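A.B. asks: Next up is a structure, given as structure tokens.
Laboratory data are not the source of any read-out in this text; all were calculated from the coordinates shown. If you're wondering where the values come from, they're calculated on a predicted model, not measured in any experiment. Using ideal geometry, Cβ is built from the backbone for each residue, glycine included, and neighbour counts are taken over all protein chains shown.
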Amino acid sequence: MGETHSLEDRFQAFVEAENKVEPKHWMPDGYRKTLVRQISQHAHSEVVGMLPEANWISRAPSLRAKLILLAKVQDEAGHGLYLYSAAETLGTSRDQMIDDLLSGKAKYSSIFNYPTLTWADMGAIGWLVDGAAIANQVMLCRTSYGPYSRAMVRICKEESFHQRQGYEIMMTLAKGTKEQKAMAQDALNRWWWPSIMMFGPSDDNSPNSAQSMKWRIKRKSNDELRQEFIDKTVAQAEFIGLTLPDPDLKWNAETGHYDFGEIDWTEFFEVIAGNGPCNAERLAARQKAHDEGAWVRDAATAYAVKQAARKPNPSTQTHAA
Ligand code: FAQ
């Protein structure tokens, strides 16, 4: 008991001294569990997050737009892979994580349960959803778990490109015809509130935050990050002549931040409970992809077994050979 205590104390001092925890280090069970939960949810979000945008690849308005969107969606597949790999260093398996996603046990970001109705939604997603992801993930580059923090450095660089891709679409539409500007405004109206919900429940209703902050997994709270994102985005909307759909949004000189209206937490909790507009459709698409990919997994496994059997056994080799 005393031994466990001292290990935990030493671990706490280690993370407080800004050291990185590596896979072979001793870590509390709760730390491991929290990371597997968060990293796997993050990986699932990247992979499920490909679906709403993939919906528009074949309908992009130009070859340039199509190439850029295709590259962005491929980046998201890559992010999913780095993150699944980072989670695997904690002792879980890819199969287990995928099973948890498909059975509905594991969560993925609420934002990907909304439909993409027009091309402007590609702009709103890049600008707002990737913008919110960057706000959250820049802090995760300094998270205490080494493999997660290193994955986040590269992911954040790519997310910056995604954010610009989206903002450029919105800027182009906002400068276009009256109908194009209206389409951009409509997308902004639909994506704004779900985007600010991405940061998670408010701090007084966030069961995991206190311990995650103590372990230096999270470096800022859900509300702090939400506020940073809102403060930064207001000027970006003004610059392209669009209006954020919140009548209560106004600058507060005293706090040095924007005040904003009440978030509809009932909607948020419904979406994360599986009852959002597209939850069933998203999981069905992942299940279909998983089923259709079975032969690829079988072939890769058979190939790996064959290669392993062919490899000479190093213990039977002589140096003279
Ligand atoms: N959606 O106690 P907390 C992207 C859950 S970016 C669904 O505050 P925590 C890029 C939470 O898991 C999106 N569930 O939890 C991209 C917990 O439930 P649990 C992904 C949510 O972990 C862009 C419960 O509520 N980014 O993919 C959400 O301390 C465009 C209580 O919450 C990340 O995952 C939500 N929005 O803080 C891709 C970043 N919020 O697990 C494609 C890493 C909360 O106990 C296209 N994750 N919940 O059953 C994090 O930073 C954290 O996990 C938070 C939540 C901030 C999301």
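A.B. asks: Rounded to the nearest 10 degrees, what's the angle between the helix 2-16 long axis and the longest principal axis of the chain, both from Cα atoms, 0 to 90?
C.D. replies: Taking the Cα atoms of the chain, the angle to 2-16 is about 50 degrees.
A.B. asks: Please report the relative contact order for region 193-321, taking Cα pairs under 8 Å with a sequence separation of at least 6, and give it as a percent rounded to a whole number.
C.D. replies: 15 percent
A.B. asks: Another question, if that's okay. With contacts defined as alpha carbon pairs under 8 Å and 6 or more residues apart, what's the relative contact order of the chain in percent?
C.D. replies: 18 percent
A.B. asks: Between 167, 192, 206, whose Cα lies farthest towards the positive end of the dipole of region 161-232 when Lys and Arg beta carbons carry +1 and Asp and Glu beta carbons carry -1, centred on the Cα centre?
C.D. replies: 167
A.B. asks: Where does the charge balance sit around residue 81 when Lys and Arg score +1, Asp and Glu -1, over other residues with C-beta under 11 Å from its C-beta?
C.D. replies: Net charge in that neighbourhood comes out at -3.
A.B. asks: Ranked highest first by average number of other Cβ atoms within 10 Å, how do 125-135, 290-300, 88-98, 73-83 line up?
C.D. replies: 125-135, 73-83, 88-98, 290-300
A.B. asks: Cα to Cα, under 18 Å, and not fewer than 8 places away if on the same chain: which lysines meet these conditions relative to residue 105?
C.D. replies: The reachable lysines, counting only those whose Cα sits under 18 Å from residue 105, are 33, 288.
A.B. asks: Given 0.36 nm per residue, what is the gain on full extension from residue 16 to residue 288 after removing their alpha carbon distance, in nm?
C.D. replies: Result: 93.5 nm gained on full extension.
A.B. asks: Provide Rg and Dmax in Å for the chain, with only Cα atoms included in the calculation.
C.D. replies: Rg and Dmax of the chain, Cα atoms, are 22.2, 81 Å.
A.B. asks: Can you tell which of 34, 61, 15 lies farthest toward the positive end of the dipole of region 9-63, using +1 and -1 charges on the Cβ of basic and acidic side chains (Lys, Arg; Asp, Glu)?
C.D. replies: So the residue furthest toward the plus end is 61.
A.B. asks: Here is a follow-up. Taking the Cβ of residue 246 as the centre, find all other residues whose Cβ is under 11 Å away and add up their charges (Lys, Arg: +1; Asp, Glu: -1).
C.D. replies: -2
A.B. asks: Roughly how many debye, to the nearest 20, is the charge dipole of the chain about its Cα centre, given +1 on each Lys and Arg Cβ, -1 on each Asp and Glu Cβ, and no other charges?
C.D. replies: For the chain, the charge dipole is close to 1420 debye.
A.B. asks: Please list 204-211, 281-288 highest first by mean number of surrounding beta-carbon atoms within 10 Å per residue.
C.D. replies: 281-288, 204-211
A.B. asks: Give the calculated FRET efficiency between residue 250 and residue 58 to the nearest 0.05, with a Förster radius of 56 Å applied to their Cβ-Cβ distance.
C.D. replies: Details: r = 42 Å, r/R0 = 0.74.
Efficiency for this residue pair is about 0.85.
A.B. asks: Rounded to the nearest 0.05, what FRET efficiency is calculated for residue 257 and residue 93 with R0 set to 30 Å and r the Cβ-Cβ distance?
C.D. replies: 0.10
A.B. asks: Turning to a different aspect of this structure: Counting Lys and Arg as +1 and Asp and Glu as -1, each charge on the Cβ, what is the dipole of region 176-321 about the Cα centre in debye, to the nearest 20?
C.D. replies: That gives a dipole near 1360 debye.
A.B. asks: Tell me whether region 155-213 comes out rounded, prolate or oblate; compute the Cα gyration tensor, take square roots of the eigenvalues as a ≥ b ≥ c, and use a/c under 1.5 as the rounded threshold. Display every interim value, and only then the final one.
C.D. replies: Numbers: a/c = 6.49, a/b = 1.95, b/c = 3.34.
Verdict is oblate for region 155-213.
A.B. asks: Compute the helix-to-body angle for 294-310: its Cα long axis versus the longest principal axis of the chain, expressed 0 to 90° and rounded to tens.
C.D. replies: 30 degrees
A.B. asks: What does the charge dipole of region 210-261 about its Cα centre add up to, to the nearest 20 debye, if the Cβ of each Lys and Arg holds +1 and the Cβ of each Asp and Glu holds -1?
C.D. replies: Result for region 210-261 is approximately 520 debye, rounded to the nearest 20.
A.B. asks: Just grab the label-to-label distance for residue 74 and residue 25, each label 7 Å out from Cα along the Cβ direction, in nm (one decimal).
C.D. replies: Result: 3.6 nm between the two label points.
A.B. asks: Per-residue ellipticity at 222 nm for the chain, helices alone: DSSP H runs ≥ 4 residues times -39500 (n - 2.57), over residue total, nearest 500 deg cm²/dmol? Please list the in-between numbers first.
C.D. replies: Details: 14 runs with 201 residues, N = 321.
After summing the helix terms and dividing by residue count, I get -20500 deg cm²/dmol.
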